[in-house]
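Visitor: Structure incoming, see below.
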Ligand SMILES: [Zn+2]
């Protein structure tokens, strides 16, 4: 792939963080966005995108696998496959997410994620590790095998952080597990965000964990105590806390459209992160797959354990955006932000990633009118294209 120093992207619709800019020219220089103009300012090559929409490169904070590969394979080749596969859907960065397994397998997976986070990947970049596993409650275990659940200790946290070579960004836990109250501030001091999930915690327990420094809720409503009028549960607590982020799986199956509307009314777009929670079956046909230590059956794209619990998804973020817009009746700009700017802010990367703005990295998802991603650009370079015109330009 040839590195082009400077060029314009010209399109009818460019999705900025607060509006859709019509007929814009984005100046890309040395991998960064150097200007957004109504007319070209200098005489350089222009990639004409016509009716294609230019979105910011998307960020998936919670993804387990794709195309038959799983983060738990603990193999660089698996992470590379996932990286390339995600680029086909406009994703430029992701947190490689584990699932409950043996302690040894978990550490092996963290160590490969740590390696991947420090190197150039073929498509979407590994922005860090997300530990979803090990420290959960049996009542809402979902697709996590409780045989492998462990007590949360400072030593175990230190071992995960060290195995991941410091790339651990999120640790999910049930706030009612022993030690949570003391270890949440400790994780925060290490720069690791705590997300609450796979939990039977009540309102008060969840509020305590949020007060102690937890950042929000893992796939809100799924795998947690829901809202009862005498106990608003974990879902109620993370939704009503203004600072808490909530992950949302907008596949039309995990959450009813009315619940999507309710989440949006309570949080607006600023604290919602669209996640895929995609498993290794993503991109493949229906069938039997393995998620961590459990078999999972995928029918019509919906993944469930053999006992019937939803087990991740086969969703991609470009479709999550479209679903949220259609099911909850919100604006495209808001839905796109939930899959780009909000995750970038969550990770503390919004200075350089997450939206189309001057001085940020030139990362774009280029989609047609149906939301189908035609090309993905990372730091000014093409990492995926199914358009001959776009490929030829690079
Ligand atoms: Zn998950």
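Visitor: For the condition in the same structural domain as residue 65 (by TED's automatic domain parsing), surrounded by fewer than 20 Cβ atoms within 10 Å (Cβ to Cβ) and either within 19 Å of the chain's Cα centre (by Cα) or more than 16 Å from the ligand (Cβ to nearest atom) (or both), what is the one hit in 145, 131, 138?
Guide: Details: 145 fails: either within 19 Å of the chain's Cα centre (by Cα) or more than 16 Å from the ligand (Cβ to nearest atom) (or both); 131 fails: surrounded by fewer than 20 Cβ atoms within 10 Å (Cβ to Cβ).
Being in the same structural domain as residue 65 (by TED's automatic domain parsing), surrounded by fewer than 20 Cβ atoms within 10 Å (Cβ to Cβ) and either within 19 Å of the chain's Cα centre (by Cα) or more than 16 Å from the ligand (Cβ to nearest atom) (or both) holds for just one of 145, 131, 138, which is 138.
Visitor: Could I ask something else about it? When region 343-366 is examined, which residues are found to be surrounded by fewer than 24 Cβ atoms within 10 Å (Cβ to Cβ) and more than 25 Å from residue 5 (Cβ to Cβ)?
Guide: Matches in region 343-366: 345, 346, 347, 348, 350.
Visitor: Pick out the one residue from 19, 75 that is more than 17 Å from residue 383 (Cα to Cα) and assigned by TED's automatic domain parsing to the domain that holds residue 285. Give the steps one after another, and end with the answer.
Guide: Working: 19 fails: assigned by TED's automatic domain parsing to the domain that holds residue 285.
Among 19, 75, only 75 is more than 17 Å from residue 383 (Cα to Cα) and assigned by TED's automatic domain parsing to the domain that holds residue 285.
Visitor: Is it the case that some residue within region 291-302 is in contact with a strand residue (DSSP E or B) (Cβ under 7 Å, 6 or more places away or on another chain), within 14 Å of the ligand (Cβ to nearest atom) and under 24 Å from residue 145 (Cα atoms)?
Guide: yes
Visitor: Examine region 110-121 for a residue that is in contact (Cβ under 8 Å) with a residue 24 or more places away in the chain, at negative phi and within 16 Å of the ligand (Cβ to nearest atom), and state whether such a residue exists. Break it down into steps so the answer makes sense when it comes.
Guide: Pass one, region 110-121, residues in contact (Cβ under 8 Å) with a residue 24 or more places away in the chain: 110-118, 121.
Among the residues that remain, those that are also at negative phi are: 110-118, 121.
Those left that are additionally within 16 Å of the ligand (Cβ to nearest atom): 110, 113.
Scanning region 110-121 turns up at least one residue that is in contact (Cβ under 8 Å) with a residue 24 or more places away in the chain, at negative phi and within 16 Å of the ligand (Cβ to nearest atom).
Visitor: Suppose the filter is assigned to a loop (DSSP other than H, G, I, E, B), in the same structural domain as residue 91 (by TED's automatic domain parsing) and either surrounded by fewer than 19 Cβ atoms within 10 Å (Cβ to Cβ) or more than 18 Å from the chain's Cα centre (by Cα) (or both); does residue 307 pass it?
Guide: So residue 307 fits the description; yes.
Visitor: Looking only at region 156-192, filter to residues that are in contact with a helix residue (DSSP H, G or I) (Cβ under 7 Å, 6 or more places away or on another chain) and in a strand (DSSP E or B); which one of those is surrounded by the fewest Cβ atoms within 10 Å (Cβ to Cβ)?
Guide: 171
Visitor: Can you pull out the residues in region 269-290 that are part of a loop (DSSP other than H, G, I, E, B) and under 18 Å from the mean Cα position of the chain (by Cα)?
Guide: Scanning region 269-290 gives 275, 276, 277, 279, 280, 281, 282, 283.
Visitor: Within region 90-103, does at least one residue satisfy the condition of being in a helix (DSSP H, G or I) and either free of Cβ contacts under 8 Å to residues at least 24 places away in the same chain or closer than 25 Å to residue 154 by Cβ (or both)?
Guide: Yes, some residue in region 90-103 is in a helix (DSSP H, G or I) and either free of Cβ contacts under 8 Å to residues at least 24 places away in the same chain or closer than 25 Å to residue 154 by Cβ (or both).
Visitor: Can you pull out the residues in region 20-67 that are more than 16 Å from the ligand (Cβ to nearest atom), outside any strand (DSSP E or B), in contact with a strand residue (DSSP E or B) (Cβ under 9 Å, 6 or more places away or on another chain) and within 26 Å of residue 88 (Cβ to Cβ)?
Guide: The answer is 30, 31, 45, 49, 50, 51, 52, 57.
Visitor: What are the residues in region 342-394 that are in contact with a strand residue (DSSP E or B) (Cβ under 6 Å, 6 or more places away or on another chain), in a helix (DSSP H, G or I) and free of Cβ contacts under 8 Å to residues at least 60 places away in the same chain, if any?
Guide: Matches in region 342-394: 391 only.
Visitor: If I ask for residues that are in a strand (DSSP E or B) and either within 16 Å of the ligand (Cβ to nearest atom) or crowded, with 22+ Cβ neighbours inside 10 Å (or both), which ones from region 205-241 would you list?
Guide: 216, 217, 224
Visitor: Could you list, in sequence order, all residues of region 242-288 that are within 16 Å of the ligand (Cβ to nearest atom) and in contact with a helix residue (DSSP H, G or I) (Cβ under 7 Å, 6 or more places away or on another chain)?
Guide: 245, 246, 248, 250, 251, 273, 274, 276
Visitor: In addition: Examine region 330-341 for a residue that is in a loop (DSSP other than H, G, I, E, B), surrounded by 18 or more Cβ atoms within 10 Å (Cβ to Cβ) and out of contact with any helix residue (DSSP H, G or I) (no Cβ under 8 Å at 6 or more places or on another chain), and state whether such a residue exists.
Guide: Checked against the condition, which is being in a loop (DSSP other than H, G, I, E, B), surrounded by 18 or more Cβ atoms within 10 Å (Cβ to Cβ) and out of contact with any helix residue (DSSP H, G or I) (no Cβ under 8 Å at 6 or more places or on another chain), region 330-341 yields at least one hit.
The values are calculated or read from the model by the stated rules, or taken from the named source; none is laboratory data. Quantities reported herein were computed from a predicted structural model and do not represent experimental measurements. Reconstructed Cβ throughout: ideal geometry from the backbone, glycine too, with neighbour counts over all protein chains shown.
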